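The next block holds one structure in the form of structure tokens; read it before the comments.
The values are calculated or read from the model by the stated rules, or taken from the named source; none is laboratory data. Given the structure is predicted, the values throughout are model-derived calculations rather than measurements. Cβ sites come from the backbone with ideal geometry, for glycine too, and all protein chains shown count toward neighbours.
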Amino acid sequence: MYLHGTLDLDNKNWMLGGDFNQIMYPTEHSTSMAAVPDSQMYQFQHCLLQSSLFDLRYNGSSHTWTNKQPSDPIGKKLDRLITNYKTISTHPHAYALFLPNLFSDHSPCLVDLAYTLPTAGTRLYKFQNYITKHPNFQRIVQDAWVQAGSNSLTLSQLCWKLKLIKGDLKILNRENFSNIQERVSETYSLLQLVQVQALQSPSTLFFNKREISTKSGSSCEKLRRVTFVRSLA
């Protein structure tokens, strides 16, 4: 904080990395229930906040240190690469990579000031509101959220969890809503067949099938209209 105030570091590129020997949040401990917020965490948070410093976006393990004790393993995020807004403005593609700690108990960190995000074969993900109508939507999101790890206390942690959930939502959309036009046509063809059967051989079985097919056709038609409107947006 002394350097920040005396050297006017808000207006200069500033990047600081290494072993801070202190976690910032309980979730940065492998046993988060054993780590409770204390004065040292608050002081660390306050120091970075007052200095306008924050974690540079990174990839790799969320824990950068391990006690290397198989009988009682513990992992913590003690190593960080922090920076300020001036640096991000100057190097918008700056990126940190925490590598596996092969020999040391700490993870080494590599910094790339001109990291290029992959573009080949990638497309921006567009969330479709209609998938919220699927009966399993809420369960799928809840399961994916839990599997993605601990609470998201930082923006980078939230983005990481949302990225993991995106994969499950893509599968849900592909398995249930892809080729919707063809599905609507198939459903109506089946409905017409059942209606003919119900007329030719009236029975409880055929009338029940017709009712089910009618509801299915109605649902598909509503979904087709929604996807059509979305395609025009």
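Taken as a whole, the structure places Arg80 among residues that are surrounded by 15 or more Cβ atoms within 10 Å (Cβ to Cβ), closer than 21 Å to Phe103 by Cβ, among the basic types (Lys, Arg) and in contact with a strand residue (DSSP E or B) (Cβ under 8 Å, 6 or more places away or on another chain).
Yes or no: Ser89 buried (at least 16 other Cβ atoms within 10 Å of the Cβ), at pLDDT below 90, over 22 Å from the mean Cα position of the chain (by Cα) and of a type in the set (S, T, N, Q)? Against the criterion (buried (at least 16 other Cβ atoms within 10 Å of the Cβ), at pLDDT below 90, over 22 Å from the mean Cα position of the chain (by Cα) and of a type in the set (S, T, N, Q)), Ser89 does not qualify. Which condition does Tyr130 not pass, out of (1) of a type in the set (Phe, Trp, Tyr); (2) more than 30 Å from Met15 (Cβ to Cβ); (3) modelled with pLDDT of 80 or more, if it passes all the others? Among (1) of a type in the set (Phe, Trp, Tyr); (2) more than 30 Å from Met15 (Cβ to Cβ); (3) modelled with pLDDT of 80 or more, Tyr130 violates only (3). For the residues Gly60, Gly18, the requirement of being modelled with pLDDT of 85 or more and either under 20 Å from Leu99 (Cα atoms) or in the same structural domain as Leu155 (by TED's automatic domain parsing) (or both) singles out Gly18.
In this structure, Gly75 does not satisfy being under 24 Å from Leu158 (Cβ atoms) and either touching a residue at least 60 places away in the same chain (Cβ under 8 Å) or of a type in the set (Lys, Arg) (or both).
Return a yes/no flag: does region 95-105 have any residue that is aromatic (Phe, Trp, Tyr) and more than 25 Å from the chain's Cα centre (by Cα). Yes - at least one qualifying residue is present in region 95-105.
For region 130-149, give me each residue that is in contact (Cβ under 8 Å) with a residue 60 or more places away in the chain and charged (D, E, K, R). The one that is in contact (Cβ under 8 Å) with a residue 60 or more places away in the chain and charged (D, E, K, R): Lys133. If you go through region 44-51 one residue at a time, do you hit one that is closer than 26 Å to Lys161 by Cα, of a type in the set (Ser, Thr, Tyr) and surrounded by 11 or more Cβ atoms within 10 Å (Cβ to Cβ)? No, there is no match, as no residue in region 44-51 is closer than 26 Å to Lys161 by Cα, of a type in the set (Ser, Thr, Tyr) and surrounded by 11 or more Cβ atoms within 10 Å (Cβ to Cβ).
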